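Asks: I'd like to ask some things about the structure below.
What follows is calculated from the coordinates using simple rules that are stated; it is not laboratory data. Not measured: the values here are computed from a predicted model. Every residue, glycine among them, receives a Cβ derived from its backbone with ideal geometry; neighbour counts consider all protein chains shown.
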């Protein structure tokens, strides 16, 4: 597991996450864009029963769960791939990530 690292700056404590990239290894969170929680949305296709309130609840109102959360991250400043990982929202520990595009797993990462 990869854990959060405390980076001390004058007058404050900032938390820097080290996100495990399957191709590049652990990298600073500033190299990534947060894709959000890996949420399964309800089927809200064009139906007479679907209201604006249903859409609002599905898109904007989510449980702020404690513990493990499945998330997606885009490695913008590295291999430019999407990864899916589980992060503990209390400890900020990451599980081993899974690749977003398995067929290109042999592509080299030029993040160094």
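Asks: Rank the residues 71, 63, 80, 96 as a footprinting-exposure proxy: fewest other Cβ atoms within 10 Å of their Cβ go first.
Replies: Result, fewest neighbours first: 63, 96, 80, 71.
Asks: A further question on this structure: Just subtract the alpha-carbon distance of residue 89 and residue 29 from 0.36 nm times their residue separation and send over the number in nm, one decimal.
Replies: 20.1 nm
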